[in-house]
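The values are calculated or read from the model by the stated rules, or taken from the named source; none is laboratory data. Model, not experiment: these values are computed from the prediction. Here the Cβ is made from the backbone with ideal geometry for all residues, glycine too, and neighbour counts use every protein chain on show.
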Amino acid sequence: MTTGHFDKAATDWDKKQRRVQLAAKISTAIARLPLSADMDALEYGCGTGLVGLALAPALGHLTCIDTSQGMLDVLQEKIRDQGISNVRPLRCDLLIDDYSKRHDLIFCAMTLHHIQESDTLLLRFAELLKQGGYLALADLAQEDGSFHDSSVTGVHHHGFDREQLAALLTAAGLIDVKSEIIHIMTKGEEEDRKYPVFLLTGHKA
Ligand SMILES: C[S@@+](CC[C@H](N)C(=O)[O-])C[C@H]1O[C@@H](n2cnc3c(N)ncnc32)[C@H](O)[C@@H]1O
């Protein structure tokens, strides 16, 4: 587990407008799922809660998991300052720690490419969904490796092939698996490098 980079980045994480805009696009896209106040949800790789806190008002309860204590501390501060009562931050690694609670919704934003054994994590997500529960996964489409600069450690995938992810999740028992491009990030002096971000959704049969 590599948490150093994210621990250091946590305090200033929300200062990058690009990140805040992307998180808003992701939460807006996830909110098109039939969310409801009786849902017990899990966000994996929650960071400072940019996506999760936007969705929490539409949910019954949200467990926000991350491996970076720095990120979770920033999230905890927001929860306290905003008097939020239905969000619980939790430090946990689903590929290492015991975690068996089932959820009505699992979502994961811009985190899968930081997970070496991403296929195994997707199988864990499928396992932790209740019957009928929804999965929503936002990440980079396949890129040439230029998205992250060299100071960022723990990048294990240069985006993903959406069809491969869909096939794996379908084999794991999800149905109606579909994906769409919800945002295009740009980088470079003339903003000419483009990095599409997809949202893949499905639910457990
Ligand atoms: C690019 S950030 C995205 C944060 C947040 N989802 C957002 O959109 O702002 C990736 C997050 O994944 C977390 N992370 C990295 N490896 C992880 C792991 N193995 N398990 C859980 N979280 C992890 C990092 O600490 C970080 O908060």
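Can you confirm whether segment 74-89 contains a residue that is assigned to a loop (DSSP other than H, G, I, E, B), more than 10 Å from the ligand (Cβ to nearest atom) and touching a helix residue (DSSP H, G or I) at 6+ places or on another chain (Cβ under 8 Å)? Break it down stepwise before answering.
So the first thing to find is which residues in segment 74-89 are assigned to a loop (DSSP other than H, G, I, E, B), and the list is 83-86.
From what is left, the residues that are more than 10 Å from the ligand (Cβ to nearest atom) are 83-86.
Of the ones still in play, those that are also touching a helix residue (DSSP H, G or I) at 6+ places or on another chain (Cβ under 8 Å) are 84, 86.
Yes, segment 74-89 contains a residue that is assigned to a loop (DSSP other than H, G, I, E, B), more than 10 Å from the ligand (Cβ to nearest atom) and touching a helix residue (DSSP H, G or I) at 6+ places or on another chain (Cβ under 8 Å).
Look at segment 173-196: where a residue is closer than 24 Å to Ile30 by Cβ and a partner is hydroxyl-bearing (Ser, Thr, Tyr) and surrounded by 10 or more Cβ atoms within 10 Å (Cβ to Cβ), sitting 6+ places away or on another chain with Cβ atoms under 6 Å, you get Val177/Thr170; Met185/Tyr195; Lys194/Thr186.
So is Tyr44 among the hydroxyl-bearing types (Ser, Thr, Tyr) and either in contact with a Ser or Thr (Cβ under 7 Å, 6 or more places away or on another chain) or in contact (Cβ under 8 Å) with a residue 60 or more places away in the chain (or both) or not? Yes: the conditions hold for Tyr44. Tell me, please, whether a residue that is under 17 Å from the mean Cα position of the chain (by Cα), at pLDDT 95 or above and either of a type in the set (Ser, Thr, Tyr) or within 11 Å of the ligand (Cβ to nearest atom) (or both) can be found in segment 142-154. No, that holds for no residue.
Being touching a helix residue (DSSP H, G or I) at 6+ places or on another chain (Cβ under 7 Å), within 28 Å of Gln164 (Cβ to Cβ) and crowded, with 16+ Cβ neighbours inside 10 Å is a condition met by at least one residue of segment 55-62.
One residue stands out in segment 90-100 among those that are among the charged types (D, E, K, R) and part of a loop (DSSP other than H, G, I, E, B): the one that is surrounded by the most Cβ atoms within 10 Å (Cβ to Cβ), namely Asp93. Applying a threshold of 6 Å to beta carbon distances and a minimum spacing of six or more residues, or different chains, the list of pairs starting in segment 56-75 at a residue that is over 15 Å from Leu94 (Cα atoms) and ending at one that is within 9 Å of the ligand (Cβ to nearest atom) and among the hydroxyl-bearing types (Ser, Thr, Tyr) reads Met71/Thr48; Val74/Thr48; Leu75/Thr48. Within segment 180-205, the set of residues being crowded, with 19+ Cβ neighbours inside 10 Å and closer than 20 Å to Leu35 by Cα comprises Phe198, Leu199, Leu200, Thr201, Gly202, His203, Lys204.
When residues in segment 158-202 are screened for being more than 16 Å from the chain's Cα centre (by Cα) and in a strand (DSSP E or B), 12 of them pass.
Answer yes or no: is there a residue in segment 107-122 that is of a type outside the set (A, V, I, L, M), more than 11 Å from the ligand (Cβ to nearest atom) and buried (at least 16 other Cβ atoms within 10 Å of the Cβ). No: zero hits.
Let's see how each residue does on (1) at pLDDT 95 or above; (2) out of contact with any strand residue (DSSP E or B) (no Cβ under 8 Å at 6 or more places or on another chain); (3) within 12 Å of the ligand (Cβ to nearest atom):
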residue: Thr11; (1), (2), (3): yes, yes, no
residue: Asp14; (1), (2), (3): yes, yes, yes
residue: Val51; (1), (2), (3): yes, no, yes
residue: Leu55; (1), (2), (3): yes, no, yes
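Residue pairs whose Cβ atoms lie under 7 Å apart, separated by 6 or more positions or on different chains, with the first residue in segment 132-157 and outside any strand (DSSP E or B) and the second among the acidic types (Asp, Glu) and at pLDDT 95 or above, are Gln142/Asp161. Candidates Ser36, Ser27: the one that is assigned to a helix (DSSP H, G or I) and either in contact (Cβ under 8 Å) with a residue 12 or more places away in the chain or aliphatic (A, V, I, L, M) (or both) is Ser27.
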